[in-house]
Amino acid sequence: MILRVLTLAAGLTGAAGLSQFPAFSQQYQQRLGGAVDELTRVVAQFDRDAASVGLDRDAALTELESGGAFGAARAASMSETIARHARLQADLAALEGAGPFMRARLAAHMGDRDIAARAWAAYEPSVPATFEGAVFAGTGFFGGWAFVAGLAGLLGGLFRRPGRRLSRQAAMAPRNS
(Lines give C-alpha, C1' and ligand atoms only; values in the text may rest on other atoms or scores of the structure.)
Protein backbone atom coordinates (compact mmCIF):
# COMPACT_ATOMS: atom_id res chain seq x y z
CA MET A 1 0.00 0.00 0.00
CA ILE A 2 2.76 2.43 0.94
CA LEU A 3 4.64 1.58 -2.24
CA ARG A 4 1.55 2.35 -4.33
CA VAL A 5 1.14 5.72 -2.63
CA LEU A 6 4.83 6.54 -3.15
CA THR A 7 4.77 5.57 -6.83
CA LEU A 8 1.58 7.57 -7.37
CA ALA A 9 3.13 10.60 -5.64
CA ALA A 10 6.29 10.25 -7.74
CA GLY A 11 4.19 9.98 -10.89
CA LEU A 12 2.18 13.08 -10.03
CA THR A 13 5.35 14.99 -9.15
CA GLY A 14 6.91 13.99 -12.47
CA ALA A 15 3.74 14.99 -14.32
CA ALA A 16 3.56 18.39 -12.63
CA GLY A 17 7.25 19.07 -13.21
CA LEU A 18 7.66 17.90 -16.78
CA SER A 19 4.36 19.46 -17.90
CA GLN A 20 6.00 22.85 -17.31
CA PHE A 21 8.72 22.24 -19.92
CA PRO A 22 6.84 23.61 -22.98
CA ALA A 23 6.12 26.99 -21.37
CA PHE A 24 9.50 27.27 -19.62
CA SER A 25 11.42 26.39 -22.79
CA GLN A 26 9.44 29.01 -24.71
CA GLN A 27 10.29 31.64 -22.10
CA TYR A 28 13.95 30.58 -22.20
CA GLN A 29 13.96 30.95 -25.98
CA GLN A 30 12.43 34.43 -25.76
CA ARG A 31 15.08 35.52 -23.26
CA LEU A 32 17.77 33.93 -25.42
CA GLY A 33 16.55 36.02 -28.35
CA GLY A 34 16.74 39.18 -26.25
CA ALA A 35 20.27 38.34 -25.11
CA VAL A 36 21.38 37.69 -28.69
CA ASP A 37 19.86 41.00 -29.83
CA GLU A 38 21.71 42.93 -27.11
CA LEU A 39 25.01 41.13 -27.69
CA THR A 40 24.67 41.75 -31.43
CA ARG A 41 24.39 45.47 -30.67
CA VAL A 42 27.49 45.40 -28.40
CA VAL A 43 29.63 43.42 -30.87
CA ALA A 44 28.50 45.58 -33.80
CA GLN A 45 29.45 48.75 -31.87
CA PHE A 46 32.89 47.31 -31.12
CA ASP A 47 33.34 46.45 -34.80
CA ARG A 48 32.26 49.97 -35.82
CA ASP A 49 34.69 51.54 -33.33
CA ALA A 50 37.49 49.34 -34.67
CA ALA A 51 36.62 50.18 -38.28
CA SER A 52 36.54 53.91 -37.50
CA VAL A 53 40.27 53.76 -36.75
CA GLY A 54 41.06 51.36 -39.61
CA LEU A 55 41.16 48.11 -37.67
CA ASP A 56 39.30 44.83 -37.94
CA ARG A 57 38.03 43.02 -34.84
CA ASP A 58 41.15 40.89 -34.27
CA ALA A 59 43.52 43.83 -34.76
CA ALA A 60 41.47 45.96 -32.36
CA LEU A 61 41.58 43.21 -29.71
CA THR A 62 45.35 42.84 -30.18
CA GLU A 63 45.84 46.60 -29.84
CA LEU A 64 43.71 46.64 -26.69
CA GLU A 65 45.76 43.79 -25.19
CA SER A 66 48.97 45.76 -25.60
CA GLY A 67 47.50 48.91 -24.04
CA GLY A 68 48.28 48.24 -20.39
CA ALA A 69 46.40 46.40 -17.67
CA PHE A 70 43.05 48.02 -18.37
CA GLY A 71 43.35 47.45 -22.11
CA ALA A 72 44.25 43.80 -21.57
CA ALA A 73 41.29 43.33 -19.21
CA ARG A 74 38.96 45.03 -21.70
CA ALA A 75 40.28 42.89 -24.56
CA ALA A 76 39.67 39.74 -22.50
CA SER A 77 36.12 40.76 -21.56
CA MET A 78 35.33 41.76 -25.15
CA SER A 79 36.68 38.43 -26.41
CA GLU A 80 34.41 36.63 -23.92
CA THR A 81 31.46 38.75 -25.07
CA ILE A 82 32.15 37.94 -28.72
CA ALA A 83 32.46 34.22 -27.94
CA ARG A 84 29.25 34.23 -25.90
CA HIS A 85 27.46 36.07 -28.69
CA ALA A 86 28.53 33.42 -31.20
CA ARG A 87 27.48 30.56 -28.87
CA LEU A 88 24.09 32.07 -28.04
CA GLN A 89 23.44 32.98 -31.66
CA ALA A 90 24.07 29.33 -32.64
CA ASP A 91 21.74 28.15 -29.85
CA LEU A 92 19.02 30.53 -30.98
CA ALA A 93 19.40 29.43 -34.60
CA ALA A 94 18.96 25.80 -33.51
CA LEU A 95 15.86 26.57 -31.41
CA GLU A 96 14.07 29.02 -33.72
CA GLY A 97 10.95 27.54 -35.19
CA ALA A 98 11.19 24.44 -32.97
CA GLY A 99 8.04 23.32 -31.22
CA PRO A 100 7.99 21.98 -27.65
CA PHE A 101 8.88 18.41 -28.64
CA MET A 102 11.82 19.52 -30.77
CA ARG A 103 12.97 21.93 -28.03
CA ALA A 104 13.07 18.93 -25.68
CA ARG A 105 15.28 17.15 -28.20
CA LEU A 106 17.44 20.29 -28.49
CA ALA A 107 17.59 20.92 -24.73
CA ALA A 108 21.40 21.10 -24.88
CA HIS A 109 20.93 24.46 -26.63
CA MET A 110 19.23 25.79 -23.49
CA GLY A 111 22.32 25.61 -21.30
CA ASP A 112 23.19 29.23 -20.59
CA ARG A 113 23.02 29.49 -16.80
CA ASP A 114 22.37 33.25 -16.71
CA ILE A 115 19.46 33.07 -19.14
CA ALA A 116 18.03 29.95 -17.47
CA ALA A 117 18.23 31.60 -14.03
CA ARG A 118 16.46 34.72 -15.26
CA ALA A 119 13.81 32.69 -17.09
CA TRP A 120 13.25 30.59 -13.95
CA ALA A 121 13.04 33.66 -11.72
CA ALA A 122 10.31 35.16 -13.92
CA TYR A 123 8.53 31.87 -14.69
CA GLU A 124 5.14 31.23 -13.13
CA PRO A 125 4.08 27.57 -13.23
CA SER A 126 0.61 26.89 -14.55
CA VAL A 127 -1.61 24.00 -15.48
CA PRO A 128 -0.86 23.25 -19.14
CA ALA A 129 -3.99 23.04 -21.25
CA THR A 130 -2.30 22.06 -24.49
CA PHE A 131 -1.63 18.76 -26.19
CA GLU A 132 2.08 19.25 -25.67
CA GLY A 133 1.59 19.91 -21.97
CA ALA A 134 -0.49 16.75 -21.64
CA VAL A 135 2.16 14.67 -23.40
CA PHE A 136 4.92 16.07 -21.21
CA ALA A 137 2.74 15.51 -18.12
CA GLY A 138 2.10 11.90 -19.12
CA THR A 139 5.78 11.33 -19.77
CA GLY A 140 6.66 12.90 -16.43
CA PHE A 141 4.06 10.78 -14.64
CA PHE A 142 5.37 7.58 -16.17
CA GLY A 143 8.99 8.59 -15.52
CA GLY A 144 8.36 9.40 -11.85
CA TRP A 145 6.28 6.28 -11.33
CA ALA A 146 8.81 4.05 -13.09
CA PHE A 147 11.71 5.53 -11.13
CA VAL A 148 10.17 4.87 -7.72
CA ALA A 149 8.78 1.46 -8.74
CA GLY A 150 12.17 0.44 -10.13
CA LEU A 151 14.00 1.72 -7.07
CA ALA A 152 11.59 -0.11 -4.76
CA GLY A 153 12.02 -3.32 -6.75
CA LEU A 154 15.79 -2.99 -6.66
CA LEU A 155 15.90 -2.29 -2.94
CA GLY A 156 13.35 -5.03 -2.24
CA GLY A 157 15.47 -7.53 -4.15
CA LEU A 158 18.60 -6.55 -2.27
CA PHE A 159 17.03 -6.92 1.16
CA ARG A 160 14.86 -9.99 0.52
CA ARG A 161 16.14 -13.14 2.21
CA PRO A 162 16.53 -16.11 -0.15
CA GLY A 163 14.64 -18.52 2.15
CA ARG A 164 11.69 -16.18 2.45
CA ARG A 165 10.68 -16.64 -1.18
CA LEU A 166 10.67 -20.42 -0.80
CA SER A 167 8.52 -20.32 2.34
CA ARG A 168 6.04 -18.01 0.60
CA GLN A 169 5.83 -20.37 -2.37
CA ALA A 170 5.34 -23.33 -0.05
CA ALA A 171 2.55 -21.53 1.79
CA MET A 172 0.73 -20.83 -1.47
CA ALA A 173 1.13 -24.36 -2.86
CA PRO A 174 -2.03 -26.52 -2.81
CA ARG A 175 -2.09 -29.10 -0.07
CA ASN A 176 -2.90 -32.71 -0.74
CA SER A 177 -5.05 -34.20 1.99
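The values are calculated or read from the model by the stated rules, or taken from the named source; none is laboratory data. Bear in mind that the values here come from a model prediction, so they are computed numbers and not experimental data. Cβ: placed from backbone, ideal geometry, glycine included. Neighbour counts: every protein chain shown.
Say whether the condition of being of a type in the set (Val, Ile, Thr) and in contact with a helix residue (DSSP H, G or I) (Cβ under 6 Å, 6 or more places away or on another chain) is met by at least one residue in segment 96-115.
yes
Please enumerate the residues belonging to segment 120-153 that are outside any helix (DSSP H, G or I) and of a type in the set (S, T, N, Q).
The answer is SER126, THR130.
Taking segment 136-151 on its own, how many of its residues are surrounded by fewer than 18 Cβ atoms within 10 Å (Cβ to Cβ) and under 21 Å from ALA98 (Cβ atoms)?
Selection size over segment 136-151: 2.
Check off (1) farther than 15 Å from PHE24 by Cβ; (2) without any contact (Cβ under 8 Å) to a residue 24 or more places away in the chain; (3) of a type in the set (Gly, Ala, Ser) for GLY143 and give me the number that stays unchecked.
GLY143 satisfies every listed condition except (2).
Which one is farthest from the chain's Cα centre (by Cα), of the residues in segment 91-119 that are part of a helix (DSSP H, G or I) and exposed (fewer than 12 other Cβ atoms within 10 Å of the Cβ)?
The residue in question is ALA93.
Answer yes or no: is there a residue in segment 64-71 that is within 24 Å of the chain's Cα centre (by Cα), more than 30 Å from GLY143 (Cα to Cα) and either free of Cβ contacts under 8 Å to residues at least 60 places away in the same chain or not assigned by TED's automatic domain parsing to the domain that holds GLY140 (or both).
no
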